[in-house]
Every structure is written in C-alpha cells, then in structure tokens.
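Beneath this line is the structure, given in structure tokens, with notes to follow.
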Amino acid sequence: MDQSLAIRNIKMSLRILNILLIATMVIIASCILLLFGLLVVALTVSGEKINKLVLDSNIDISFKFNGLTVFLNKDIMNNFVYDKSETIVLILFSMIFTLIVMSIFILLWKFVKSVIVGDVFTLKNSKRIELVAYSLLILSFLSNTIQAYIVSTLLHMFLNNNELDNIEWIQSVSFRFFDINWSILLCSFIVWTIGRIFRYGSFLQEEYDATV
C-alpha cells in the first residue's frame, strides 16, 4: 500500500513537472517570436528612424544585468547612436541561444513524458539526456560571449569612447568574447554521465526483457 502511494506521488510530481515544462516552453517560444519580430524591425526600419524614435522618447528606467544596475534616462538617451549591424548580430546571437534553450526543454519534456508512461531506461531517453548535455556544452561557450557582446553593444550605442576616456576611474575597457562558462560546462559533463548511465540501464533492461 505504501509503495503504491509512493508511486502515485511520483507520477503526480512528474505530471506537475510536465505542466511546468510546457508553460516554460510557451514562454521561451514567445521570446523567440519577439526576437524574430525585432530582427524584422532591425532589417527593415532605417537607422535614422530608430535614432529619432529613441532620441524623442522620454525614457527613465533601470534594470539589472549580470550584477550591474543600468540606468537609462534622457541624458543617456541623448548619446544614443544606433548601429544596425551590431543590433542584427546581437539579435541573431540571442535567437541562437534561445533556440538551444528551447531544444533543452523540449528534450526534457519528452523525457518526462516517457517516464510517466513507464519507459524509463530506454535508448531514446539516454539519447535525449546526451543531447541535453551537448546543448549545455554549446551554451557553455556561447553564454559569456553573448553577455560580453551585449555589454559591448550597449556601451557602443549609449556611451562613445570619448566619454569613457573622461571617466577617471576607468583606465581601459576590454571584453572577453571567447570565454567558457565553467559552471555550465561542468553541468554538461554531469548530464552526459547520467545519459551514459541510462544507456547502460537500457542495455540491462533489454537483457532482462529477453530473458523473461
């Protein structure tokens, strides 16, 4: 009785996780559509129109990015210079990053669905887990690169080099575009190891099914 109750609780938890994964995929899909819309705008709208729109706007907002609080107000906006090529590259980088994240959640969703119906140690599940590991491996190289490019683009558009030179406590500004996120890299190795364990488990399951 206790065992059947535990199994029901596990299945209930997996169904809740399945719903959360679906909700997350919907949000990520919305972000992809938003990025696609921004890409269309960046490709079709002229730089002069965007410059005029930003300079005429009365924006006073702040947001946090990578541990820094960025303030955007009228004074900062007066220095805005739109760079079409940098914006397109930034949007494309963001779309690639978001699509990889989306693929990870799709693989996790398929894995959870198969576990719910009782197919745990299968070759498909092992391949799904390994694909998640390979996706995380790619993200470990892309993550810091995209962050550095975002900061570089924002500084280039909102602060010119002369203004940076006038700030006494800034001696020089440099960006590490080719850097590895070691935390994500470690996660990819752990997930890959789990995938190999599932592959071995699927082999044992096939052996067991053949002998029964």
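Going highest first, how would you order 185-196, 123-134 by mean Cβ packing within 10 Å?
Averaged packing, sorted descending, gives the order 123-134, 185-196.
Going by accessible area, probe 1.4 Å, with all protein chains left in place, what is the ranking of Trp182, Trp109, largest first?
Trp182, Trp109
Determine the sum of side-chain charges near Tyr82: Lys and Arg each +1, Asp and Glu each -1, restricted to other residues whose C-beta is under 10 angstrom from that of Tyr82.
Taking every other residue near Tyr82 into account, the sum is 0.
Over the stretch 79-140, with every protein chain in place, what whole percent of the accessible area is carbon and sulfur at 1.4 Å, could you tell me?
Result for the stretch 79-140: 75 percent of the exposed heavy-atom area is carbon or sulfur.
The values are calculated or read from the model by the stated rules, or taken from the named source; none is laboratory data. Nothing here was measured: the structure is a model prediction, and the numbers come from that model. All Cβ positions, glycine included, derive from the backbone under ideal geometry; neighbour counts span all protein chains shown. The protein model used for the area step is the full one, side chains on, heavy atoms only, and it has no ligands, DNA or RNA in it. Shrake-Rupley method; radii C 1.70, N 1.55, O 1.52, S 1.80 Å.
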